[in-house]
1. Check A:Thr113, A:Thr102, A:Thr97 and return the single one that is in contact (Cβ under 8 Å) with a residue 60 or more places away in the chain and facing another protein chain (nearest Cβ under 7 Å).
2. Among the candidates B:Ile58, B:Ile84, single out the residue that is among the β-branched types (Val, Ile, Thr), more than 14 Å from chain A (Cβ to nearest Cβ) and open to solvent by less than 10 Å² (accessible area, probe 1.4 Å).
3. Return the total of residues in the range B:32-63 being touching a residue at least 12 places away in the same chain (Cβ under 8 Å) and either touching a Cys at 6+ places or on another chain (Cβ under 6 Å) or of a type in the set (Val, Ile, Thr) (or both).
4. Does A:Tyr87 count as touching a Ser or Thr at 6+ places or on another chain (Cβ under 6 Å), open to solvent by 30 Å² or more (accessible area, probe 1.4 Å) and at the interface with chain B (Cβ under 7 Å from one of its Cβ atoms)?
5. Looking at A:Tyr73, A:Tyr87, which is the one that is out of contact with any strand residue (DSSP E or B) (no Cβ under 7 Å at 6 or more places or on another chain) and at pLDDT 80 or above?
6. Got a number for residues in the range B:116-152 being of a type in the set (S, T, N, Q), within 25 Å of B:Tyr51 (Cβ to Cβ) and either part of a strand (DSSP E or B) or in contact with a helix residue (DSSP H, G or I) (Cβ under 9 Å, 6 or more places away or on another chain) (or both)?
7. Can you tell me which residues in the range B:153-169 are modelled with pLDDT under 95, assigned to a loop (DSSP other than H, G, I, E, B) and open to solvent by 10 Å² or more (accessible area, probe 1.4 Å)?
8. Are any residues in the range B:61-81 more than 29 Å from A:Ala79 (Cα to Cα) and open to solvent by 30 Å² or more (accessible area, probe 1.4 Å), and if so, which ones?
Amino acid sequence: MSYIIPTGGNSNPFATSTAFAVNGPTAFSEPWVATSTSSGYRTASLSGQAVGNCALQTTSGTTRFYFLNHNVYVQSAHAYYTSFQTYVESSDECIATDSSFTTSIKASIDTTTARLNLIKVSH
Amino acid sequence: MTYMPSSASNQTAANVASLTILHNSSTDIAITAGSVVPLGSSIQSHGSDSYTVSSGVITLPSGSYYLVRAALASYGPTVTGDQITYQLYDTSGSVYVGRRGNLVWQESPKLNGGDEYAIALIDALSSSQTIDCRVLTTSSAGFVLDPSGATSAQYTYAGRTRIEIWRFS
């Protein structure tokens with residue numbers, strides 16, 4: 001999926017409860033989304049359910065990541081780090097349908113490029 | 001993706017009736033240009049639809065629009081400079097459809113160009129459609145979809161090949 005370059009102050013999709021990106025089609029306020037941080041994990045919760053897509057770039061190491069409670073390779077993604085390459089590549093977006101989204105990576109997140117897109121599918 | 005103005009935050013422009021994720025039921029699948037991505041299993045992420053798949057060809061029943069997104073996962077033989085491209089293919093019309101997907105192995109693109117989904121919006125309102133996902137190009141020989149430990153111990157660092165079918169109602 002195309003990458004949306006953040007230019008404003010709300011570039012970290014987990015840092016605000018009102019905006020999950022500052023440019024592009026997700027640049028609008030969604031009052032049904034709330035975010036929280038617990039033990040370093042970032043969580044976005046909503047009323048009803050949504051399909052969540054999250055892309056992360058790490059600041060240390062390269063790894064598979066996924067939404068907690070959806071630890072499935074097919075729904076997982078590959079997080080990149082500039083000087084750590086692997087022989088295996090995949091999508092950089094994990095995907096799941098849920099009412100709460102917590103990524104398996106809780107540290108070393110490049111908050112200038114991370115994003116979470118939510119497409120609500122039920123109330 | 002769906003655009004919603006802030007004045008209508010609880011309404012979607014198109015209703016997602018279901019999201020089905022098709023994927024391989026095996027690992028270590030050698031590919032070359034022209035290979036059809038095999039699919040043997042599915043995950044029902046939202047809704048309750050299911051699809052008939054035969055030799056990688058997906059039948060999309062009539063009566064809906066479908067957004068199909070394909071993301072491949074592969075072992076690359078050399079890492080730096082490795083690249084594969086792929087696209088969805090209309091098997092009835094014998095024509096490639098939608099945007100090409102691109103998977104590259106290199107450092108600098110990061111999220112900007114590290115991978116791209118192959119995407120197509122399929123109109124099956126009046127009749128069912130059949131599509132598959134085909135490898136267009138490989139930068140060399142030796143690419144393997146969905147590697148296991150038999151191909152590369154680093155398979156644990158990435159996800160797996162998937163084709164998402166979003167049905168709109």
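The values are calculated or read from the model by the stated rules, or taken from the named source; none is laboratory data. Everything numeric here is computed off the predicted structure, so don't read it as measured data. Here Cβ is always computed from backbone atoms with ideal geometry, including for glycine, and neighbour counts include all displayed protein chains. Ligands, DNA and RNA are excluded from the accessible area calculation, which covers all protein heavy atoms including side chains. Shrake-Rupley method; radii C 1.70, N 1.55, O 1.52, S 1.80 Å.
1. On the way: A:Thr102 fails: facing another protein chain (nearest Cβ under 7 Å); A:Thr97 fails: in contact (Cβ under 8 Å) with a residue 60 or more places away in the chain.
Within the list A:Thr113, A:Thr102, A:Thr97, the selection yields A:Thr113.
2. Details: B:Ile84 fails: more than 14 Å from chain A (Cβ to nearest Cβ).
One residue alone meets the criteria, B:Ile58.
3. Going residue by residue through the range B:32-63, those that are touching a residue at least 12 places away in the same chain (Cβ under 8 Å) are B:32-51, B:53, B:55-63.
From what's left, either touching a Cys at 6+ places or on another chain (Cβ under 6 Å) or of a type in the set (Val, Ile, Thr) (or both): B:32, B:36-37, B:43, B:53, B:57-59.
The qualifying residues number 8.
4. Details: touching a Ser or Thr at 6+ places or on another chain (Cβ under 6 Å): yes; open to solvent by 30 Å² or more (accessible area, probe 1.4 Å): yes; at the interface with chain B (Cβ under 7 Å from one of its Cβ atoms): yes.
When the stated conditions are applied, A:Tyr87 passes them.
5. Numbers: A:Tyr87 fails: out of contact with any strand residue (DSSP E or B) (no Cβ under 7 Å at 6 or more places or on another chain).
Sole residue among the options that is out of contact with any strand residue (DSSP E or B) (no Cβ under 7 Å at 6 or more places or on another chain) and at pLDDT 80 or above: A:Tyr73.
6. Residues of the range B:116-152 of a type in the set (S, T, N, Q): B:126-130, B:137-140, B:148, B:151-152.
Then keep just the ones that are within 25 Å of B:Tyr51 (Cβ to Cβ); that gives B:126-130.
Restricting the remaining residues to those that are either part of a strand (DSSP E or B) or in contact with a helix residue (DSSP H, G or I) (Cβ under 9 Å, 6 or more places away or on another chain) (or both) gives B:129-130.
Residues that pass the stated criteria total 2.
7. B:Ser169
8. B:Pro61, B:Ser62, B:Gly63, B:Tyr65
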